[in-house]
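Engineer: Quick one: this structure, given as structure tokens, is what I'll be asking you about.
The values are calculated or read from the model by the stated rules, or taken from the named source; none is laboratory data. Just so it is clear, the model here is predicted, and its values are computed rather than measured. Neighbour counts run over all protein chains shown; Cβ positions are idealised from the backbone, glycine included. Accessible surface areas use protein heavy atoms only, side chains included; no ligands, DNA or RNA. Shrake-Rupley method; radii C 1.70, N 1.55, O 1.52, S 1.80 Å.
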Amino acid sequence: MQRLTDAIATIVTRRRGAVLAFIAVLTLATGAWLPTLDVDPRPQQLTVSSLEDQGQINAAFAERFGNPDHVVVLLVSAEDVLDAEPLAYVHRLATAFAEEPSVVRVEGITVTPLPVPVEEGGSGEGLDDLDTLDDLDDPDGGEDVDPEVEEALGVLVRTSPERFPMGLGTIADRMGGVEYRGAIEGDEVTEAERLRLRALLEDAPLVEGRLISEDRTLAAVALFLDESVDDPQVMQETVRSIDARLAELPPPPGVSIATGGLPHLFNSIIVKMEHDNFRIVPLTLLVCLALLYLSFRWIPGTFLPVTAVGLSAVMIIGSMALFGETMNVINNIIPPLLIIIGVSDSIHLIGRYREELEHAESKLEAARNTVRSMAVACFLTSITTAVGLASLVVSQTEMLQRFGVIAGAGVMLAYVVTIGFLPSAMTFFKPPLSREELRKKRAVAAYRDPAEGDVPQADTGLLESGIVWLTSLILERPWPFLVGALLACGGLVYTAIHVDVDSALLDEFDEEDDAFRSTTLMEEKLEGVRPLEIMLEADDAGRFHDPDALAAIDETEAWLRGQPAVLGTLASTDFLHESWARVTDDPAAAEERFQSREQVDALALLFAQTERDPLQAFVAEDGRVTRIQVRLADVGAAASLVLIRDLRAHLDERFGPLGVRVSMTGEGYTGSVGLDAVVRDLLGSLLTAVLIIFGMLVFLFGSWRLGLLSIPPNVIPLVGTMAWMAVREIPLNAATVIVFSISLGLAVDGSIHLLARYREEISTGLERNAALLRAARGTGRAVVVSCVTLMLGFGVMLLSSFVPVRRFGELIGVTVGMCLVSTLVVQPALLRVWAPERPPNRFRRGKSDA
């Protein structure tokens, strides 16, 4: 190891020009790819990757019925949306967006097919030819009627003959004057059409709650987008195009317009992510600059560390673009993360460089000595942080796996760049101390009590003096501090176990955010934005025209409508029951069980004669496949998971005996199903990281005892952070679980620097207490400055417009603060009680103390 660090020290100081040139070329090469970086805010990547067939299910459903997540909803609010001006505006929106190239279908109260009475001289489309059916008993009549339709109507009459006293003539009287089409035919809404629509909506249960609120204050125009919006870039462009077109169609006075739906929510996330990248990253850099200057009062020591981490961030983000990785709601924090963590290493390097200048004859020698002394310690802090992050590869969540790999690689890249760039670049600048100051420090350093490792207190500042005083107090009476830490830890554990494990779609938005308001409005007055789709598949053609299968669908819908998390359901049976009630002119018929497949076939055939058959959106592949559309409230993934599990049991019990295969998709399912893996992910990744980090410390420090003593001070901050989450009611989910993997790596940094310096001091022959005092004095300032930098650097994230980023910054700040206390208090107390009283044999005679 010593040979390796000597080689690195020689290269970065003697070949400094070549090293800096190589870093510059690599930065330019990777940075050239930055403009090609895509943004993907969708939650599907949070799906548990162990559900290997979920992607196939999603694709199969989208091919048959379209993607339920690809719907933008325009929300028109007014005192009464059926008044003349609001209704005209709703219709104008529906007709205008029907011409948008990415919109495949538009639904709204003015264009969605309804049973519209035929006016005299009307077009006669749909079922208007049924007025000739009363002549079918005449051998010379009914020649213009489709024989297949005639047979279907005959089946309906025979199903319930008492309801059709005149046979087919009764149906002709009831249905012959009805068209199934949009209520408004032209571009303008006439007064007669408006009044007729108001009357139609009084008896339109399949429209109310979906396209218009019960109180008539809100109407929705749903824009169904094509599959090209699967591409995040296309989705972003499409939503922006819709917003631009909407800006060209301002509402009349007294009418307001809002945009909702998942694509709009996801685009809002993209906008916030872009806004953060242009605000949070520069602010983070400014905070780091200010802290570096206040710490070192040396201009090169202020700008060089920031330059190093900036180069690292460009390299890793450029590499993401190069390998096709997108920026998402999780890895959006990687740039500020790398900047803050990289600056922490730089603080230790500059602090040691200043110290080495007191003894070295030149800047190059001081830089070489700095690299020799700090390369291993900084490597340990970087590798432990990287291991904490990379431990997320054991996660069952794809997005977390990729974040762990990218962030871990980024931390190690930042280490390589910092070790290569900073010592090389520092030697080109004037030293931070003048020659006279250096002479004074060398004179002071010449005096040292070999027994105690002491230096005159006049040589230390207020911060160093405080750290030495605290360490001395702990070394004199370690047990009160250890007992206090144990009691505090017990209280934290008790609080932490009450943390909620949950995730909600609106957790990512502030309550005053437009996306939050529009989504809440849709949940209060319509059926919300979270689709959960149930796909039912059978092998037999026409299986979902069978009365038993349809009865099972009816029972499932009834069960779902009784669940508090469900805002609404819709299936093919709803249209069939509504049609049967209209044919029989008996509202009670809508509650009846279908008597035969022939009855269902007949009703389906009638729908097939209409301008737009609604059953096509619910039944596919000759009746082998159907869907049940469910709309969920944003009650959180935990409540959604309870519903999904109960629903799965209900579906298996009801459809299993029928030989029907059941699967689920939609954001309400894919966005929730991975939550139960979050706790397993957390425990698994932390256990993996602890074992690896512990093993590395044991190997590099050559002592099982030192490795074990490093664990408690680094676990306490993690427990404390979870307790803080419980107090603040911040849920544990895929977005917050990464805090713990990052925190573990950061928590151990202070212990590593303290233990490394302790090992260095004790190897010179000092006794335990003397070595601990010098270790605390030598590393304490850098540990404090580093932790404060981390806290303030991550604290900048509190200014984010994105709620998950703010929570991340808050939780990391809490963790680092606890790490600082634990490193300065708990770690010395543990070493005082259980560390060897004498230097380990390995350091004195090459033997191991383990």
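Engineer: Using beta carbons and a limit of 8 Å, which pairs, at least six apart or on different chains, have the first residue in region 17-31 and within 18 Å of P423 (Cα to Cα) and the second one open to solvent by 60 Å² or more (accessible area, probe 1.4 Å) and hydrophobic (A, V, I, L, M, F, W, C)?
Structural biologist: Listed by first residue and then by second, the contacts come to V19/I11.
Engineer: Something else: Need at least 2 residues that are touching a strand residue (DSSP E or B) at 6+ places or on another chain (Cβ under 8 Å) per element, so show me which helices (runs of 4 or more DSSP H) inside region 451-569 make the cut, counting only ones lying wholly within it.
Structural biologist: 514-525, 547-561
Engineer: From the list I730, I716, which one is farther than 20 Å from L475 by Cα and in a loop (DSSP other than H, G, I, E, B)?
Structural biologist: Answer to the selection: I730.
Engineer: Condition first: within 30 Å of S268 (Cβ to Cβ), surrounded by 22 or more Cβ atoms within 10 Å (Cβ to Cβ) and modelled with pLDDT under 85. Can you find one or more residues in region 780-787 that meet it?
Structural biologist: Scanning region 780-787, I find no residue that is within 30 Å of S268 (Cβ to Cβ), surrounded by 22 or more Cβ atoms within 10 Å (Cβ to Cβ) and modelled with pLDDT under 85, so the answer is no.
Engineer: Let me ask another. Only one of these conditions is not met by V816: (1) over 26 Å from C288 (Cα atoms); (2) crowded, with 22+ Cβ neighbours inside 10 Å. Which number is it?
Structural biologist: All conditions are met except number (1).
Engineer: Next question. For region 457-511, give me each residue that is of a type in the set (V, I, T) and either at pLDDT 85 or above or under 27 Å from the mean Cα position of the chain (by Cα) (or both).
Structural biologist: I467, V468, T471, I474, V483, V493, T495, I497, V499, V501
Engineer: Given the residues L87, L93, which is the only one that is in a helix (DSSP H, G or I), at pLDDT 90 or above and touching a Lys or Arg at 6+ places or on another chain (Cβ under 6 Å)?
Structural biologist: Among L87, L93, only L87 is in a helix (DSSP H, G or I), at pLDDT 90 or above and touching a Lys or Arg at 6+ places or on another chain (Cβ under 6 Å).
Engineer: Here are some residues: G745, G813, G778, G750. Which one is part of a helix (DSSP H, G or I) and without any contact (Cβ under 8 Å) to a residue 60 or more places away in the chain?
Structural biologist: G813
Engineer: Out of the residues in region 512-542 that are acidic (D, E) and more than 30 Å from E653 (Cβ to Cβ), which is modelled with the highest pLDDT?
Structural biologist: E524
Engineer: Filtering region 231-279 down to residues that are in contact (Cβ under 8 Å) with a residue 60 or more places away in the chain and charged (D, E, K, R), which residue is most open to solvent (accessible area, probe 1.4 Å)?
Structural biologist: Among those that are in contact (Cβ under 8 Å) with a residue 60 or more places away in the chain and charged (D, E, K, R), it is R279.
Engineer: Would you check if there is a residue in region 595-602 being aliphatic (A, V, I, L, M), touching a strand residue (DSSP E or B) at 6+ places or on another chain (Cβ under 6 Å) and over 30 Å from I184 (Cβ atoms)?
Structural biologist: no
Engineer: Suppose we filter region 520-548 for residues that are charged (D, E, K, R) and closer than 30 Å to L218 by Cβ; how many remain?
Structural biologist: Qualifying residue count for the region: 6.
Residue-by-condition table, conditions (1) in a helix (DSSP H, G or I); (2) under 28 Å from E667 (Cα atoms); (3) touching a helix residue (DSSP H, G or I) at 6+ places or on another chain (Cβ under 8 Å):
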{"site": "E237", "(1), (2), (3)": "yes, yes, no"}
{"site": "A244", "(1), (2), (3)": "yes, yes, no"}
{"site": "P251", "(1), (2), (3)": "no, no, yes"}
{"site": "S268", "(1), (2), (3)": "yes, yes, yes"}
{"site": "L291", "(1), (2), (3)": "yes, no, yes"}
{"site": "A313", "(1), (2), (3)": "yes, no, yes"}
{"site": "V329", "(1), (2), (3)": "no, yes, yes"}
{"site": "I341", "(1), (2), (3)": "yes, no, yes"}
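Engineer: Related question: State which residue is surrounded by the fewest Cβ atoms within 10 Å (Cβ to Cβ) when the search covers only region 349-374 and only residues that are over 12 Å from P423 (Cβ atoms) and touching a residue at least 24 places away in the same chain (Cβ under 8 Å).
Structural biologist: The qualifying residue surrounded by the fewest Cβ atoms within 10 Å (Cβ to Cβ) is H359.
Engineer: Whether any residue in region 43-59 is assigned to a loop (DSSP other than H, G, I, E, B), touching a strand residue (DSSP E or B) at 6+ places or on another chain (Cβ under 6 Å) and modelled with pLDDT of 85 or more is what I want to check.
Structural biologist: no
Engineer: Ok, one more. Name, by its number, the condition in (1) open to solvent by less than 10 Å² (accessible area, probe 1.4 Å); (2) under 38 Å from the mean Cα position of the chain (by Cα) that does not hold for E555.
Structural biologist: (1)
Engineer: Which one of these is modelled with pLDDT under 80, out of contact with any Phe, Trp or Tyr (no Cβ under 7 Å at 6 or more places or on another chain) and in a helix (DSSP H, G or I): V642, V679, V673?
Structural biologist: V679
Engineer: Could you list, ordered by first residue, the pairs with Cβ atoms under 7 Å in which the first is in region 306-333 and touching a residue at least 60 places away in the same chain (Cβ under 8 Å) and the second is part of a strand (DSSP E or B) and open to solvent by less than 30 Å² (accessible area, probe 1.4 Å), at least 6 apart or interchain?
Structural biologist: T326/V39; M327/V39
Engineer: Do the conditions hold for L798, that is, is it aliphatic (A, V, I, L, M), within 22 Å of L289 (Cβ to Cβ) and either at pLDDT below 85 or out of contact with any strand residue (DSSP E or B) (no Cβ under 7 Å at 6 or more places or on another chain) (or both)?
Structural biologist: yes
Engineer: So which of M374, M320 is under 30 Å from Q233 (Cβ atoms), among the aliphatic types (A, V, I, L, M) and in a helix (DSSP H, G or I)?
Structural biologist: Going through M374, M320 in turn, the sole match is M320.
Engineer: Also, I was wondering about something else. One residue is enough: does region 570-581 have a residue meeting the conditions within 19 Å of E667 (Cα to Cα) and open to solvent by less than 10 Å² (accessible area, probe 1.4 Å)?
Structural biologist: yes
Engineer: Here's a follow-up. Within the group R210, R198, which residue is open to solvent by 40 Å² or more (accessible area, probe 1.4 Å), of a type outside the set (V, I, T) and not in a helix (DSSP H, G or I)?
Structural biologist: Among R210, R198, only R210 is open to solvent by 40 Å² or more (accessible area, probe 1.4 Å), of a type outside the set (V, I, T) and not in a helix (DSSP H, G or I).
Engineer: Evaluate the following for D128: is it open to solvent by 50 Å² or more (accessible area, probe 1.4 Å), over 26 Å from T259 (Cα atoms), at pLDDT below 95 and not hydrophobic (A, V, I, L, M, F, W, C)?
Structural biologist: When the stated conditions are applied, D128 does not pass them.
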